[in-house]
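As structure tokens, the structure follows; a few thoughts come after it.
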Amino acid sequence: MNEFSLYVLDITMNSVRAGATEIEVKLEEKDDMLYFSVTDNGCGMKAEQVKNLKDPFFTTRKTRAVGLGIPFLTMLSEQTGGTVEITSRHEEEYPEEHGTVISASFNKEHIDFIPLGDMTGTVVTLIQGSPEIDFTYKHIMSKGTVSLSCRELKDMLGDEVSLASFEILEWIKEYLEESYESIK
Amino acid sequence: MKTELVMNKLSLKLLAGEVPEDFEGVYAGDFLSRAMSRVSEGDLWITIMNNINVIAVASLADAAAVILAEGVTMDKATLDAADAKGVTVFTCDSTVYEICRDIASVLS
């Protein structure tokens, strides 16, 4: 994983596996820092699991689904002087408002930080894999913001049209590429 | 046997686990996600990374041992985890290049 976008994909896939129907992926670049967060309404985790998320043995041995994603994200963040925070509400304790928020900060000017990579490709991959999920993507930069809402797209297209169809994925790809181009 | 030759040639210091009798191949690299797909069962893995994730990757890959280069060591909690998971960790003052070169010379 030598591009940041692969971390974004990896962490967001945890939300997909948690059964979320709404997932917000947000990147915010401010001065030297990059703030990344994924917010979902998935099944959530209990305090015990959250506490152990950064321990790779807990995650790889007992709950394989989480994998090394969080330990690797934490490592990248801490290597650049950032931090990772995870808050979660398990569905058993919060039947109405369950879900997880993972936020991580990075000093993107740090020598150990990695290139951002292909964010457009990552967003398209996520939508293609789970067109039923309402993804919201926001990338805030000093010159402007790139954003996409699957809910808005579905409201325009009608719920019977799958976002995973070739034409729509192509449109999303071009839309994101043009958005990035326009604020370069 | 092979491991003993390498140990003597490089003056490896054992930090955790047991000395494996043999090893299959060698991988050198610090990018853990890359190492995860490249370190094969029974390999020696040479790196300068020393956090707990190194032990997790070595354990998942079933590496013969981790060799920490340039005199890098691990903190006690990490070494305890290595012992608990049966991961062997050595340290060595040489650089990654020197370690690879010396292993190659022992093998040839």
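Bear in mind that the values in this text are calculations on the coordinates, not laboratory data. Remember, it's a predicted structure, so these values are computed and weren't measured experimentally. Note that we place each Cβ from the backbone using ideal geometry, even for glycine, and neighbour counts take in every protein chain shown.
Which far-off residues, 5 or more places away or on another chain, put their amide H under 5 Å from the one on A:Leu116, with H placed in the peptide plane?
Sorted by chain and number, the residues that satisfy this are A:Phe4.
Which FRET efficiency value, to the nearest 0.05, is calculated for B:Lys76 and B:Val19 with the Förster distance at 25 angstrom and r the Cβ-Cβ distance?
After rounding to 0.05, the efficiency reads 0.80.
Quick one: putting +1 on the C-beta of Lys and Arg, -1 on the C-beta of Asp and Glu, what dipole do you get for chain B around its Cα centre, in Debye to the nearest 20?
My answer is approximately 200 debye.
Testing the spin-label approximation: label points 7 Å from Cα along Cα→Cβ at A:His110 and A:Met33. State their distance in nm.
Modelled inter-label distance: 1.3 nm.
For chain B, what is the calculated [θ] at 222 nm in deg cm²/dmol (nearest 500), taking -39500 (n - 2.57) for each run of four or more DSSP H residues and dividing by its residue count? Don't skip to the answer; put the middle values down first.
Values: 5 runs with 48 residues, N = 108.
Per the formula, -13000 deg cm²/dmol.
Within the range A:41-184, count lysine pairs with alpha carbon atoms under 18 angstrom apart where the residues are 8 or more positions apart or belong to different chains.
So the count works out to 13.
Can you compute the helix-only [θ] at 222 nm over chain A? Use -39500 (n - 2.57) per DSSP H run of at least 4 residues, normalise by all residues, nearest 500 deg cm²/dmol.
Details: 7 runs with 72 residues, N = 184.
Computed mean residue ellipticity for chain A: -11500 deg cm²/dmol.
Tally Lys and Arg at +1 and Asp and Glu at -1 over the other residues with C-beta under 11 Å from the C-beta of B:Ala81: what net charge comes out?
Working: positive: B:Lys76, B:Lys85; negative: A:Asp55, B:Asp75, B:Asp80, B:Asp83.
Once all neighbours under 11 Å are counted, the net charge is -2.
Which loop trypsin sites (Lys or Arg not before Pro) in the range A:72-178, with loop taken from DSSP, have no more than 13 other Cβ atoms within 10 angstrom of their Cβ?
Answer in residue order: A:Lys143.
How would you classify chain B from its alpha-carbon gyration tensor, with a ≥ b ≥ c the square roots of the eigenvalues: rounded for a/c under 1.5, else prolate if a/b is greater than b/c, otherwise oblate? Write down the numbers at each step before the final one.
On the way: a/c = 1.39, a/b = 1.31, b/c = 1.06.
Rounded, since a/c falls under 1.5.
Taking a cut-off of 19 Å between Cα atoms, list the aspartates and glutamates near B:Lys9, but don't count ones fewer than 8 places away on the same chain.
B:Glu18, B:Glu21, B:Asp22, B:Glu24, B:Asp43, B:Glu70, B:Asp93, B:Glu98, B:Asp102
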